[in-house]
Structure formats: C-alpha cells, structure tokens
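Below you'll find the structure, written out as structure tokens, and then a few comments.
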Amino acid sequence: LGKHAISMSEKTRNMHQTLVKALTIHALLPSMMCVVVAIYLVMVFDIYKHAALEKYVYTIAAIPPACAGFCTIYYVESYRRYIT
C-alpha cells in the first residue's frame with residue numbers, strides 16, 4: 001500500500017486502508033478458537049473440571065462469528081451507511 005500510495009487518489013487510499021484493517025481483524029478471529037480448544041482439552045483430559053468452563057467453551061466459540069458479522073457491517077461503508 002505504501003509503495004503504490006503515490007499513484008492512488010485519497011478515496012482509493014482510504015478504502016484500501018480500511019480493507020487492510022478489516023482483513024487483519026478477520027484473520028485474527030480464528031485464533032480465538034485456540035482458546036476454546038485449549039479449554040476443551042483441559043476438560044477432556046480431566047486436568048480441571050468446572051461447570052463454568054463448559055459454559056466458557058460455548059460462549060467463547062460464539063464470539064468470532066458475531067464479531068465477523070459486526071466487522072463486515074462496520075468496515076463496508078455502504079452497509080454502515082444503511083444501518084446508521
């Protein structure tokens with residue numbers, strides 16, 4: 001983006017920066033599933049068992065899909081304008 005920024009218009013440059021932010025956030029969302037897998041493995045191997053951990057697995061697993069939808073609405077300008 002920095003190398004080609006000179007030849008881009010301001011609007012195109014802003015759109016590309018927003019796209020890079022959105023893609024970065026979308027790329028980080030699946031890493032949250034590693035936490036879910038670790039908690040699940042702790043429970044499966046009877047290292048530690050608690051009712052709250054069972055709830056955390058499902059709660060944390062529901063966060064990435066919810067954030068993905070929210071990020072799409074927030075970072076795509078036409079969707080954001082329609083909602084607001």
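Kindly list, by first and then second residue, each pair from a residue in the range 38-66 that is part of a loop (DSSP other than H, G, I, E, B) to a residue that is of a type in the set (A, V, I, L, M, F, W, C) and surrounded by 10 or more Cβ atoms within 10 Å (Cβ to Cβ), limited to pairs with Cβ atoms under 7 Å and residues at least 6 apart or on different chains.
Tyr48/Val42; Lys49/Met43
I'm trying to understand the selection: among the residues of the range 15-38, which are more than 30 Å from Ala52 (Cβ to Cβ) and open to solvent by less than 60 Å² (accessible area, probe 1.4 Å)? I'd like the intermediate steps shown before the answer.
To start, the set of residues in the range 15-38 that are more than 30 Å from Ala52 (Cβ to Cβ) comprises 15-24.
Hits for the range 15-38 are Thr18, Ala22.
In the range 67-84, what residues are assigned to a helix (DSSP H, G or I), without any contact (Cβ under 8 Å) to a residue 40 or more places away in the chain and among the β-branched types (Val, Ile, Thr)?
Ile73, Ile83
Please count how many residues of the range 55-79 are surrounded by 11 or more Cβ atoms within 10 Å (Cβ to Cβ) and either among the basic types (Lys, Arg) or more than 16 Å from Ile25 (Cβ to Cβ) (or both).
So the first thing to find is which residues in the range 55-79 are surrounded by 11 or more Cβ atoms within 10 Å (Cβ to Cβ), and the list is 56-57, 59-64, 67-68, 70-77, 79.
Then keep just the ones that are either among the basic types (Lys, Arg) or more than 16 Å from Ile25 (Cβ to Cβ) (or both); that gives 56-57, 59-62.
Going through the range 55-79 one residue at a time, the tally reaches 6.
The values are calculated or read from the model by the stated rules, or taken from the named source; none is laboratory data. In this text, all values refer to a predicted model and were calculated from it rather than measured experimentally. In this analysis, Cβ positions are derived from the backbone assuming ideal geometry, glycine residues included, and neighbour counts consider all displayed protein chains. Just so you know, the surface numbers come from the protein's heavy atoms only, side chains and all, with ligands and any DNA or RNA stripped out. Shrake-Rupley method; radii C 1.70, N 1.55, O 1.52, S 1.80 Å.
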